[in-house]
Amino acid sequence: MGAVIGRSAGLLLPADLGRRLDGVHDELDDPKPLRFAAVIGLLLEGPRHADDPALLLIERSSLLRQHPGQIAFPGGKPDPEDRDLLDTALREAWEEVGLPRDEVRVLGRLAPVPTPSGYMIVPFIGRVVTDWEPRRASPEVERILTPSLRTLLDPTIYRHTGDVQWRGASYALHEYAIADPPLWGATARMVWDLLERIRG
């Protein structure tokens, strides 16, 4: 593992994390019959989190038609005016948690994750090292969660809940007991992917 970023000694945020991620603009396979969506996982490393970096998650409103009440990354479906999927993720982060684009340094991407609801979700990862703090900027957001990476890496809050076969591929199912309801589903798979890359 490379040197860690920030003041905390030990296991968090290797300095070469960007090289452990997929490239921001690496070519993506055509997801048909699924449709692309984009999200962004924000690593918070500002003054409040300098010694214990955190990951920004949202709880989706229980009134939403799709995935109500689930824990997720900020993100959503592309709009016609979005330049690309990164533009989608950053626009959604502004609309949902008030993230100005100049506050984030995008490091790369995780593996795309298909969902039974018909989407291929492309997860980007970014660092926020300023004193910016997220806020509920949309009624689609019920609450904001910022679990520390140290918490997410704690084996006592993690469960492998089984495996599922879907469209000819096998997927492990993950769950993190960071809230009620827990983090599960597509976002849990993305978090698991991120933590595996952090572990190296």
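Things worth noting here:
- In segment 144-172, the residues that are at pLDDT 90 or above, assigned to a loop (DSSP other than H, G, I, E, B) and farther than 28 Å from Gly98 by Cβ: Asp154
- In summary, Glu175 fulfils each of the numbered conditions (1) acidic (Asp, Glu); (2) in a strand (DSSP E or B); (3) surrounded by fewer than 17 Cβ atoms within 10 Å (Cβ to Cβ); (4) in contact with a Pro (Cβ under 7 Å, 6 or more places away or on another chain) with the single exception of condition (3).
- Within segment 78-111, considering residues that are surrounded by fewer than 23 Cβ atoms within 10 Å (Cβ to Cβ) and acidic (Asp, Glu), the one nearest to Val39 (Cα to Cα): Asp87
- Only one entry in Arg189, Arg127 is over 25 Å from Pro31 (Cα atoms), in contact with a strand residue (DSSP E or B) (Cβ under 6 Å, 6 or more places away or on another chain) and not in a loop (DSSP other than H, G, I, E, B), namely Arg127.
- Tally of residues being closer than 22 Å to Glu196 by Cα and not in a loop (DSSP other than H, G, I, E, B) across segment 92-111: 5
- Some residue of segment 178-196 being over 19 Å from the mean Cα position of the chain (by Cα) and not hydrophobic (A, V, I, L, M, F, W, C): no
- Arg101 within 17 Å of the chain's Cα centre (by Cα) and without any contact (Cβ under 8 Å) to a residue 60 or more places away in the chain: yes
The values are calculated or read from the model by the stated rules, or taken from the named source; none is laboratory data. Bear in mind the structure is a predicted one, so any value in this text is a computation, not a measurement. Ideal geometry is used to build each Cβ from the backbone, glycine not excepted, and the neighbour counts take in all protein chains shown.
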